[in-house]
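Asker: Take this structure, written in structure tokens, and hold onto it; I'll ask about it next.
The values are calculated or read from the model by the stated rules, or taken from the named source; none is laboratory data. Computed from a predicted structure; not experimentally measured. Note that we place each Cβ from the backbone using ideal geometry, even for glycine, and neighbour counts take in every protein chain shown. What goes into the accessible areas is simple: the full protein's heavy atoms, side chains included, and nothing from ligands, DNA or RNA. Shrake-Rupley method; radii C 1.70, N 1.55, O 1.52, S 1.80 Å.
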Amino acid sequence: MQHISGISRHQLQVSSLEDTISQDNPIRFIDAFVNSIDLEKLGFTPRVLKTEGRPSFDTKVFLKIYLYGYLNGIRSSRRLEKECHRNLEMQWLVEAICPNYHSIADFRKDNPKALKQLFKLFVSFLKNADLITGETIAIDGTKSRAYNGKKSNYNQRKIDKHKEYIELKTQEYLNELDKNDVKEDAIKISN
């Protein structure tokens, strides 16, 4: 044989989702973060189970989906749904639950303020886990010759302005998700 042979697609294998994700995979960090937060303090309203009909998805499932999408640049509810079906990391994270794109989009539309609070809490979580110190530090990451101009040094006013910029970008991200969902819905309906 001149080539390496793979495993037959028809061969039965016994494995678990846990076996597919390494212990140092960053996806475990998202899982630990979401499982450690108090949803009601962030503003997420608990869902009341009805006696009839299909049960709802847990809020934590949607939070894990959105944090995974944010960290991986996925800005569409349809693409997030697709990742739930095809991506092993996402399957591990949400325990193989695959909500449809409409449920994912509705969750974001129903909880915009709470999602903003979630992003802010993420930084606090990093601090509590001793992954960051929480001190105000600004670093210019450019590797070039030494130059300390007005644009390359930071004071508290500039840092506060940058925090406002981040808040604006977070809102733009949520708006872009809404816009992409509307555009994808229009394409789907016209087909």
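Asker: For the range 1-28: of the residues being touching a helix residue (DSSP H, G or I) at 6+ places or on another chain (Cβ under 9 Å) and assigned to a helix (DSSP H, G or I), which is least open to solvent (accessible area, probe 1.4 Å)?
Answerer: ILE27
Asker: Could I ask something else about it? Does any residue of the range 102-116 turn out to be under 30 Å from SER15 (Cβ atoms) and modelled with pLDDT of 90 or more?
Answerer: There is at least one residue in the range 102-116 that is under 30 Å from SER15 (Cβ atoms) and modelled with pLDDT of 90 or more.
Asker: Can you find a residue in the range 165-172 that is out of contact with any helix residue (DSSP H, G or I) (no Cβ under 6 Å at 6 or more places or on another chain), part of a helix (DSSP H, G or I), open to solvent by 100 Å² or more (accessible area, probe 1.4 Å) and at pLDDT 85 or above?
Answerer: Looking for residues that are out of contact with any helix residue (DSSP H, G or I) (no Cβ under 6 Å at 6 or more places or on another chain), part of a helix (DSSP H, G or I), open to solvent by 100 Å² or more (accessible area, probe 1.4 Å) and at pLDDT 85 or above, one finds at least one in the range 165-172, hence yes.
Asker: Within the set of pairs 6+ apart or on separate chains, which have a first residue in the range 28-57 that is within 11 Å of ALA114 (Cα to Cα), a second that is modelled with pLDDT of 90 or more and open to solvent by less than 50 Å² (accessible area, probe 1.4 Å), and C-beta atoms under 6 Å apart?
Answerer: What qualifies is LEU39/THR59; LEU42/ALA114; GLY43/ALA114; PHE44/THR59; PHE44/ASN111; PHE44/ALA114.
Asker: Now, a different point. Got at least one residue in the range 80-87 being in a loop (DSSP other than H, G, I, E, B) and either on the phi < 0 side of the Ramachandran plot or of a type outside the set (A, V, I, L, M) (or both)?
Answerer: Yes.
Asker: Taking VAL61 as meeting all but one of (1) within 16 Å of ASP181 (Cβ to Cβ); (2) open to solvent by less than 90 Å² (accessible area, probe 1.4 Å); (3) outside any loop (DSSP other than H, G, I, E, B), write down the number of the exception.
Answerer: Of everything listed in (1) within 16 Å of ASP181 (Cβ to Cβ); (2) open to solvent by less than 90 Å² (accessible area, probe 1.4 Å); (3) outside any loop (DSSP other than H, G, I, E, B), VAL61 misses just condition (1).
Asker: Of everything in the range 94-120 that's within 14 Å of SER56 (Cβ to Cβ) and in contact with a Phe, Trp or Tyr (Cβ under 8 Å, 6 or more places away or on another chain), which residue is most open to solvent (accessible area, probe 1.4 Å)?
Answerer: So, considering only residues that are within 14 Å of SER56 (Cβ to Cβ) and in contact with a Phe, Trp or Tyr (Cβ under 8 Å, 6 or more places away or on another chain), the one most open to solvent (accessible area, probe 1.4 Å) is ILE97.
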